[in-house]
Each structure stands twice: as C-alpha cells, then as structure tokens.
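Structure first, commentary second.
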Amino acid sequence: MPKVAGLPPGTLVMLILRVLRQEPMHGYAIAQKIRHLSSDQLSVEEGSLYPALQKLLANGWVKADWATSDTGRKVRSYRITPKGLKQLESEQDDYQRMADAITAILEST
Amino acid sequence: MTNWFRRVWYLVNRRRHERELVQEMHEHRGLMHDPATFGETHRLLEQSRDAWGWNWLDDAAQDLRLGVRGLLRAPAFAITAVLILTFGIGLNLTLYQMANVGLLRPPDVRSPETLARFKRKSPGNSTSTVPYPFAQLVARENTVLSAVLLENHGAVAWGDELTPITASFVSPNWFSELGGTAAQGRLFGEGIDSVSSAPVAVVTHQFWRTRLGSDPNIVGSTVAVNRVPVTVIGITAREFVGTDNDQPSAYLVLDQREQVFPDSPFLRSWEVENTGMYGRLKDGVTPEAARESLRALLAALREQRPDDIVEDEWLDPGMGSVNFMDQRERRGIVGALSLLGLLTTLVLVVAAANVGNLVLSRATGRSRELGVRVALGAKRSRIVRQLVIETLPLALFGAIGGTMLASWASNLIGALGGLAENIDLSPDWRTVGVSLALSVVALMVIGAVPAWKVARQELMAAIKDGGQQVSISLDKARLRRFMMAAQVCGSCLILVLAAMMTRTLQRVLSDDLGFKYEQAAVLDPGLGRHGFDDAGAIAYWNAVKARVGQQPETAALALALAPPLARRIRGYSYDDAPWLEVISNSIEPAFFEVMEIPLVLGRTFQAGDDPKTTVIISRALAMAMFGSVDVLGQGFPRSKPEATIVGVAGDAHAIKVEAVDTSELYRPLAAEEYVQAVLIARARGDAATLAPVLREAAALDSRLLPGVGMLRDHFERRLTGTRIASGIALSTGLLTLMIACLGIFGVVSYGATLRVKEFGIHLALGAESKSIVRLVVRNVVWPVAIGMALGVAAAGPIGVALSSGPIQVEAADPAAYAGALVLFVVAALSAALLPAMRVLRSDPIQSLRHS
C-alpha cells in the first residue's frame, strides 16, 4: 500500500471507490473531490492516487476508459464496477467497526 | 478467474500500460497549481507495478540474467559443471533408454495391450513354444481369442548359393493382425493358406537393402529356398519390427513349411514343440479370463486326447503391453534394472554433489556481495531464490547435454551390440520426462542446499572483513564434508564394481577355460527338421564320421548333444550341492580328446556303457558333492544313487562361459539322441580348414542344409555382451573417479586460498612445510576415508546382487578391491596434495605483506 502522510494505510482505496460511486471521473477530478469533501483536512499526495488506481484496476473493482475531455485532452476516466461496489461496502463495514471499537475504548471510563 | 485473465493481459501489454500511465500522470501534473507536490514519477511507477503482482517474475528474470552473466564470466567453472551434469544425466538416460528399447517397451504393433503370447504350463513345467497341431486345435476350439498368430523361426538356405539366413514361418494373419505394411508388393493375407498353393515369401526391408542389393525386381521373382522355388511377393516396410527385436531376414507361410522342409513332421507332430503362439483377446476379455477359459478348454480336450495334453495344463498369457513377459520374469528384470538404475543415479548424485561443492565455493566467495544485499533490505528467501535461479542455466544445459549424450551413446551401443537398424532409438516423451526429473534432482542438490547454507550465515558480518570469516566457517561446514564423503563413496563403489567386471572378463579371456576351442569346428545338420528317425540318424552319422575322419585335416572328432558355447542346455542343481549348477551333456567317448579336456581320474565312456547308469563328472562337482576327487565307482547323485561314476574330468565351462558356480556332468550319447546331436571336430591346423571338409561330408544326404561354425566365432559372440558391459563400467568408474578427484582438488584448493594469511603466520612463526601440508589437507581426510570405507563395504553386497542377474561378477575378488582402492588412494592423494604444494611454493609470507 502506498504510504501517504496522514492517511491510514488501505483507506485511500476505500475513498477512491466512494468517490467513484457517484460518477466516473478522471484522476485529477478524483483528487479534487477528495480534497473538497474532506474540507481540505486530508492531504493526499496526488501522485499516490495512481498506484491505488492500479490496484483497483488489477482487482477488477474499477474499469478505465480513454475519452477526450471538453478541452480536447485525452483523459482516462475510471468507473466503478459491481464488484467494486461490493468491495466498498465491505471495506466501509470493516472501517466502521474498527472506528467504533477505538471510540469505545477512548470513551470508556 | 477473470482476475487471472486481467493480470495476464496486463503482463502481455505491460509496456503500453506503463506508457499510458506516464502520460496520464503527466496530464494530471499539467492541471495542478503546484506540480511539485505530485510525487516522484519513478517511485510511483514502481508502486504501480507492485499492484499487479508480477514482481516475482521480474526479480526472477533479473536473477537469471545476473546468473548467466556470472557464469559467462567464469567459463571454466560453467563448462566443468555442465560437463559433469551432462555425464551424470546422460548415463542415467542411456541406461533407461537401452532398458526401455531392449526389454520394457511394448512392441510396435497394433494394440499390444490385447495381444498375448502364450506359455504352455503345467505343474513343474513350462515351455514358451508349443506343437503346431496343439496351437491349431486351440485356435479352432477357443472362445476368447479373436485371432491366433503362430510363428516358428529357423535357418533356411537362400538362393542358389545356399546362403544360410534366418527365416520366420508365420501364420497368414501375421501381418494383418500386427498392422504391418508393405514397402513394395504385398504381404500375406487371404488366399495363401493351403498347403497346395505355391510357396510365397516376404523379405524384410533390411535384408533387401543389405544382402539383396535393393534389387528393384525382387517382387514377383522366384528364389530357391532350400532348393525349392519360392515367389517373393513383397518387402516389409522399413519400420516394421514385429514382436521381437531379433528379426528374421525373410518371412514364409507356416502352413507351407512342408514344401520347404519335406519330410519334416513339424506340422503334424505333437512332440515337436517349436511354435510360438500369440493370441488377440476378444473385446472385453481380460488376460485372467482368457487364461481360465483356456484352462477349461484344455481340460475338456484332454478327454479326447489324453496322450497329447497333460493333466492340469494351462496357457499363461504374457501381454504385449509388458513386452510379453509374465509376472516373475518382469519382476526379475525390473529388479536387476532398478539395481543398475540405482547405481547410475548414484553417479548423478555424486556429480551433482561435486557441482554443489563448486557452487558453494563460489557462493562463499560472494559473501560480501550478498552481505551488502542483506544490508540493503533483501530478505533471506530472496537470496536463496537468487542463488537457486543462478544454477538454473547449469541444470538446463546439463539436461540438454545429457539427452544428446544419451542419444549418441544409445546409438553407439546399438551399433556395437548388433541391434537391427530399424529399431527406434530416438528419445520419446518418457525419456524427456526422465531427463527433466533428473535435472530437477540435480538442481535441488546443487542449488538449494548450498544456497540455504549460505543464507544462514551472518552475512552482515561478511561485509566487514571482506568475507573471510564466513568463507572459513563454510569451508569447514559439515555439509561440504558430507557431500565430499558422498562423492567419494559413490565413485569408490563404482570403481570397485568396474574392477570386478574387468577381472571377470580377464578370467574369461584367459586360456584357463579348461578346454581348447580355437581349433574346433561344429557341424549341425538339423536332422530333426528333416524327419530322420533314430536308425537313420545313426547310419547318417556313421557315414559322415567315416568321411570326416579320413581327411588329413581332422585331428579328432566326436558327437555330442550340446555343442560347446551354445545356450541350449539348462542346468540342474542337486540337493547334495545346492549352490552348484550342474550342466549335463551327452557325448561320445572321444569328446574329451576333441575338446582337450583332461581326465583326472578313471576313463572315458566305452561301447557298452548304459546312458542311464554311467556318468562322468567334473572335478568341481566331485569336490562339492563328495569332498574329494576320489569318487570312482561311487553312486551318483550321492544321496539317491542312480548311476555309477566311471571318470572325473577337468572343469570345462563349455556352456556358460562367464559363470562361476557351474560344473559338468557327462553321459554316453544314447541311441535316441543321435537325431539332435552335432559333430565336433578338431583340426590339425587352423579351424577354417575343416569347414569345407565338414560341409562336404554332411552333403552325403542331399536333403540336408547343414550349418558349420567355428567355436572361436561362437566364443567371440558370447563375449560381446560382457565386453561392452565391462567397457562401460570401467569408463564410468574412471570418469566418476575423475569427478571425485576434481571435487577433492577444488575443495582443498579453495580452502587453501582462503587461509593463505593463516599459513603465512604459521610459517613466520617457524612451522615446517610438513605441518602446513597437514593443515591444508586436514579438512578432507576424514570425509574421504569414511567415503572410501562405505563405498568398499557397499560394493560387496551389490556385487553379489548383480551376479544373480544379467551381469556376472565375482563378488569376493580381493584383487579387484585392492586394485580399485590403490588407484583411488593414489588419485585422491595427488588431488589433495597438489594444492598444498602450490600453497607452499607460492610463499604465504608474501601474502601476509600484501594483505
């Protein structure tokens, strides 16, 4: 897993899947969205998106297509697959469970 | 499943993927305000590659490339290693190939798994050939065979020159059932089965090519066979071998045999057992079912023919898929072959251990390099994997070389052993499989073991002192000493066995056979084939003997039942001397004079001696059964006397030349044995002068086509097998010795180079050269000594095991042991002392200064 400052390992994959659940988008857009949704709290080194995206491609959780953007550039746009949706659900559950457990310990008297 | 598909697709299109990714990242950077925060492209590319999981492949490819480069830089080591492996693998493959072709492989005929060869058995008795009318009867009455094939081979005279050739008389369905095809003309089929149709023949491709000069007009022409005109109707296809590797020159129809051998009772007699019987099992019939059905059939037929069919008789099928062998035969042969196979595998292990030691030496020399890799974060498993992959090219080339060597050696042995040219010796998929398996074994020994050993060391420490410490500890390593002991044991063992075989051959070749064969010739007119009865045979022989005896070239002559150096007579053993095989012969009184066998005591036979109650025994038999040679007048055999001993003859291994535990028993030639007898004559001069004499005398009866041979030719032929085996064993032994010595040399030499500094200090402190030598050699003394002891100890039982099989060796032969040991010790000592001398000569003190 790419080591990113400030982000727990493995969660980048989950975040990308979440973002892609809304609509397919290309790499730059994904980075923007993550920053926007987290209100700039999460600093993701933008380049590290790409190894994560490759992992998603390798496991069949997203599919990539080349398209031309409105500005005439060739961009690769990523779209989530049904398998990816399932993976997102399962990772969200795991994460939630872990977060709850940690919260429970922190808040115990 | 689709995951795999995706990953393989990626692997195939890797370059394109990476190009696209780079472009994508470039585009992304272009859109950013602060492109510097994007991240370093190369690192990101590496991480992206990781995601697809093909890293191990990349690493392996890199290791392989490094390995090959390393080997190229050390060509001496690479070539030595490959040669050693080639030899080890090639030897095993050759043995496997020859065993396969000669013994194990099913014949190249149609559906060998449903074709059986029948042995006629009854309690205590077994023959592999049956009487012709018997076979016909079974063929007619049985319910389990869809076809019965019959075969009888013998010598016939071909052409006007009456050249003797081997011919096979076969049933008309022979070729169609076996799937044989014609190269020219046609083969036997429908319409050629009755006695009255004109005799026809088919010649084999090899005979047509080599002895008939590829005559283009042979098909359709008429040839004289036994002076009877026969039409040649076709030539077999070149690849057709038939049921046996031993092929005839021509095929004739069995039903027409009487036309070529008039007066022969063969086709009608229930006594003459000369027909080989094969059967094609019907669909769904198992061999066991066939056997039982035929057993019942024979029991039923016995009611009608109680004289011709014995009680409790049955026909035992040997299936074509196992080369027609029955259980016991196959077990015996597979057993002997496995033993040989074990030995040759031992050679391979020795070879591989040797190469392993060499690899270990090289690896220890690289302990510094490996230490650096560990320091940079490589896991030990990675290091081991690297070392193993680096030996992969060695194993691969060893396998290729071994296959080529096996192919060449098989062809050589085939040519030397007189194997027919159309027998396919090329490696089949099984051979390739065995070759691969052997290389894997070799790879395991060579690559994995030393690699693991190296990886276990404190490689980090290796960086500090340049690898000295690690190398020294590896030099003493138990593993290396164990491998050395294994090498020495294996090569010592093989050397001793080879020495035994050579000694056996020597003994056989020396004059001490107990009889003289150089000047003797044998006349075999085959009276039985031409319908002679006892009186006719006696009359014939008397006339022939008179004629031959008159000639000045003849020194002496006598009739005997078994010609010397023939394989016809089987041996018995008596309870009074169970380990001794007694070979009996029926002879005329002059036999001893002809063969120049001395009579130690007593007399030879006289005119009045009864064949049933008079015997002459050989000295060995007398000693074994009675404990002394003074046995004249005693009853024989000792515990149940049926005959009286009238003479004791010197030992003469006239039948089984190489055998050690045999003895002879002679009886007078009985009247009914004259039909089967042969005439042995000794020439005054060279044996060849007798040939025309014998032939002319035999032609007294114009029907006969007698065979005349010289004993020394028979002798040479009998020895070919042992000669080849000895030659192979000796060369193997010497080569293995060389490998082991190479190993000793390598180890000692390497150890010496490592410890040069140490020796320099010793010398500086006043040590003598002798103690330096002792230091150098010390590490190998124990492994070599133990290896030799084990090898010599193992040679005894293995030698005994081999003697019961196809190869004769005298296991308790001290000269063989001594010779092999001396040779080994001398070689090993030189191999060990040479580097020691070199160290001394190169002045270790100098090295101290330059360290």
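The values are calculated or read from the model by the stated rules, or taken from the named source; none is laboratory data. It should be emphasised that the depicted structure is a prediction, and the values quoted were computed from it without experimental measurement. As a convention, Cβ positions derive from the backbone with ideal geometry for all residues, glycine included, and neighbour counts pool all protein chains shown.
Just give me the residues in the range B:231-250 being farther than 17 Å from B:SER171 by Cβ, among the aliphatic types (A, V, I, L, M) and either assigned to a strand (DSSP E or B) or assigned by TED's automatic domain parsing to the domain that holds B:MET98 (or both), in sequence order.
If the condition is that a residue be farther than 17 Å from B:SER171 by Cβ, among the aliphatic types (A, V, I, L, M) and either assigned to a strand (DSSP E or B) or assigned by TED's automatic domain parsing to the domain that holds B:MET98 (or both), then B:VAL232, B:ILE235 are the ones that fit.
Right, B:ARG6: within 17 Å of A:ASN59 (Cα to Cα), part of a helix (DSSP H, G or I) and not assigned by TED's automatic domain parsing to the domain that holds B:ALA378 or not? So that I can check it myself, show each step before the final result.
Numbers: within 17 Å of A:ASN59 (Cα to Cα): yes; part of a helix (DSSP H, G or I): yes; not assigned by TED's automatic domain parsing to the domain that holds B:ALA378: yes.
Answer is yes for this residue.
So which of B:THR286, B:THR275 is free of Cβ contacts under 8 Å to residues at least 40 places away in the same chain, on the phi < 0 side of the Ramachandran plot and of a type in the set (Ser, Thr, Tyr)?
Working: B:THR275 fails: free of Cβ contacts under 8 Å to residues at least 40 places away in the same chain.
Sole residue among the options that is free of Cβ contacts under 8 Å to residues at least 40 places away in the same chain, on the phi < 0 side of the Ramachandran plot and of a type in the set (Ser, Thr, Tyr): B:THR286.
Just to confirm my filter: which helices (runs of 4 or more DSSP H) fall fully inside chain A and include at least 3 residues that are within 14 Å of another protein chain (Cβ to nearest Cβ) and of a type in the set (S, T, N, Q)?
On the way: elements: A:11-22, A:27-37, A:49-58, A:82-106.
Filter on chain A gives an empty set.
Can you pull out every residue in the range B:752-763 that is of a type in the set (A, V, I, L, M, F, W, C) and modelled with pLDDT of 80 or more?
Step one: filter the range B:752-763 for residues of a type in the set (A, V, I, L, M, F, W, C), giving B:752, B:754, B:756, B:759, B:761, B:763.
Answer for the range B:752-763, where residues must be of a type in the set (A, V, I, L, M, F, W, C) and modelled with pLDDT of 80 or more: just B:ILE761.
Is it true that B:VAL138 is in the same structural domain as B:ALA289 (by TED's automatic domain parsing), under 28 Å from B:VAL241 (Cα atoms), at pLDDT 85 or above and not in a strand (DSSP E or B)? Full working, then the answer.
Values: in the same structural domain as B:ALA289 (by TED's automatic domain parsing): yes; under 28 Å from B:VAL241 (Cα atoms): yes; at pLDDT 85 or above: yes; not in a strand (DSSP E or B): yes.
Against the criterion (in the same structural domain as B:ALA289 (by TED's automatic domain parsing), under 28 Å from B:VAL241 (Cα atoms), at pLDDT 85 or above and not in a strand (DSSP E or B)), B:VAL138 qualifies.
Could you look through the range A:49-77, keep only residues that are modelled with pLDDT of 85 or more and of a type in the set (S, T, N, Q), and pick out the one that is nearest to the chain's Cα centre (by Cα)?
A:GLN54
In the list B:LEU91, B:LEU45, B:LEU83, which residue meets the criterion of being out of contact with any Ser or Thr (no Cβ under 6 Å at 6 or more places or on another chain), more than 10 Å from every other protein chain (Cβ to nearest Cβ) and in a helix (DSSP H, G or I)? Talk me through it step by step, then tell me what you get.
Working: B:LEU91 fails: out of contact with any Ser or Thr (no Cβ under 6 Å at 6 or more places or on another chain); B:LEU45 fails: more than 10 Å from every other protein chain (Cβ to nearest Cβ).
Exactly one of B:LEU91, B:LEU45, B:LEU83 is out of contact with any Ser or Thr (no Cβ under 6 Å at 6 or more places or on another chain), more than 10 Å from every other protein chain (Cβ to nearest Cβ) and in a helix (DSSP H, G or I), namely B:LEU83.
Just to verify a result, which residue in the range B:18-42, among those that are of a type in the set (Gly, Ala, Ser) and within 9 Å of chain A (Cβ to nearest Cβ), is nearest to the chain's Cα centre (by Cα)? Steps first, answer last, please.
Here is the first cut: in the range B:18-42, the residues of a type in the set (Gly, Ala, Ser) are B:30, B:36, B:39.
Pick out the ones that are also within 9 Å of chain A (Cβ to nearest Cβ) and you get B:30, B:39.
Details: B:GLY30: 76, B:GLY39: 69 Å.
My answer is B:GLY39.
Any residue at all in the range B:43-56 that is within 23 Å of the chain's Cα centre (by Cα), aliphatic (A, V, I, L, M) and modelled with pLDDT under 85?
Taking the range B:43-56 as the starting set, the residues that turn out to be within 23 Å of the chain's Cα centre (by Cα) are none.
No.
Got at least one residue in the range B:54-75 being within 14 Å of chain A (Cβ to nearest Cβ) and surrounded by fewer than 19 Cβ atoms within 10 Å (Cβ to Cβ)?
Looking only at the range B:54-75, we keep the residues that are within 14 Å of chain A (Cβ to nearest Cβ), and these are B:54-55.
In the following step, the residues that additionally are surrounded by fewer than 19 Cβ atoms within 10 Å (Cβ to Cβ) were identified as B:54-55.
Yes, the range B:54-75 has at least one match.
Residue-by-condition table, conditions (1) under 30 Å from B:LEU840 (Cα atoms); (2) at pLDDT below 85:
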| site | (1), (2) |
| --- | --- |
| B:TRP782 | yes, yes |
| B:ALA789 | no, no |
| B:ALA793 | no, no |
| B:GLY796 | no, yes |
| B:GLY799 | no, yes |
| B:LEU802 | no, yes |
| B:GLY805 | no, yes |
| B:PRO814 | no, yes |
| B:PHE824 | yes, yes |
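If I go through the range B:545-555 residue by residue, how many of them are assigned to a strand (DSSP E or B) and buried (at least 19 other Cβ atoms within 10 Å of the Cβ)?
So in the range B:545-555, the residues assigned to a strand (DSSP E or B) come out as B:554-555.
Retained after the next criterion (residues that are buried (at least 19 other Cβ atoms within 10 Å of the Cβ)): B:554.
The qualifying residues number 1.
Can you say whether B:THR604 is assigned to a strand (DSSP E or B) and not aliphatic (A, V, I, L, M), as far as the supplied structure shows?
Here the answer is no, as B:THR604 does not meet what is asked.
So is B:GLY318 of a type in the set (Gly, Ala, Ser) and under 26 Å from B:ILE798 (Cα atoms) or not? Steps first, please.
Numbers: of a type in the set (Gly, Ala, Ser): yes; under 26 Å from B:ILE798 (Cα atoms): no.
When the stated conditions are applied, B:GLY318 does not pass them.
Under the condition of being within 36 Å of the chain's Cα centre (by Cα) and at pLDDT 80 or above, which residue from the range B:688-708 is nearest to B:SER264 (Cα to Cα)?
B:VAL708
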